[in-house]
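Report on the structure given below.
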Amino acid sequence: MLKQRVITAMVLLPIALAGFFWLEGAAFALFIGAVVVLGAWEWARLAGLETQPLRCAYAAVVALALLLCWWLPAGAHGLLFISLAWWLYATVLVLTYPDSARAWQASWRRLLIGLVVLVPAWQGLMLLKAAPGGNLLILEVMMLVWLADIFAYFSGRAFGKRKLAPAVSPGKSWEGLYGGLAAALVATLVLGLVRGWGLGDLLQALIGAACVVLISVVGDLTESMFKRQAGLKDSSQLLPGHGGVLDRIDSLTAAVPLFALLLWWAGWGVQ
């Protein structure tokens, strides 16, 4: 399994880096769109669509939604607000699972939720890419989420006692969350000091980083909740040794739209 994970990572990492940081404009939109459409194909299974024609049809609907967003960029910020509302609601659903399943277990509701999860994530990346220093902004949000995830894992292993959401993901603990959050805040503080940010900007960045990390955890737990309800361990086997596309981007689907929205609110380059 480890060998398989390493080989897959070695193949995918250069492709991902090239797509994120070398492509521009429509090429970047198509690259990210392809990832999102694959995620939609997986989400269709979480929503109860078992046959390939139905899963492909749902992926096509998501692709059309992305195309509509490309044609109508004026609606971008509205999508980010919809995303924020969803992830706040998802927090409640995760914390009250399995009772909350009654609110979303109908297949059509899960399909609708998939749109709200995936489309704003694409839109958020498009806004970040178009901002000054867009590549760096994308790298920063990814590093923030990955750093928090790595330190949460080790903190949870070392100190974890109180379960964060035992009905959804028994392996996650409050201590792991605190460790991941602390690491992200320290990294943000160091970045701010290196860049010479003033006190006001530094406080904004620390608060924003905390919000992004916390919502990324909700993104991770939300996908786990849907997988648990569907009786699935992984969203698919598209990535040998790593599960599916959704398993790799679940945290980012929540973190990216909020990151873009916070930068826009703060007037930090996102238009």
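A short reminder: the numbers here are calculations on the coordinates, not readings from a lab. All figures in this text were calculated on a predicted structure; none of them were measured in a lab. Here the Cβ positions follow ideal geometry from the backbone for every residue, glycine too, while neighbour counts run over all protein chains shown.
Model label points for L189 and L54, set 7 angstrom from Cα along the Cα-to-Cβ axis, are 5.1 nm apart. Once both labels are positioned 7 Å from their Cα atoms along Cα-to-Cβ, the gap between V61 and L232 label points is 1.5 nm. When Rg and the Kirkwood Rh are both derived from Cα coordinates, the Rg/Rh ratio for the chain amounts to 0.95.
The simple spin-label model puts a point 7 Å past each Cα toward its Cβ; for L206 and M10 those points are separated by 4.3 nm. Given their separation in residues at 0.36 nm each and the Cα-Cα distance between them, A26 and R162 gain 44.4 nm when the chain is fully extended. The percentage of C-alpha pairs in the stretch 29-109 whose separation is greater than 21 Å is 43%. Estimated purely from DSSP H runs of n ≥ 4, each contributing -39500 (n - 2.57), the mean residue ellipticity at 222 nm for the chain is -27000 deg cm²/dmol once divided by its residues. Total lysine pairs in the chain at Cα distances under 19 Å, for residues eight or more apart or on different chains: 5.
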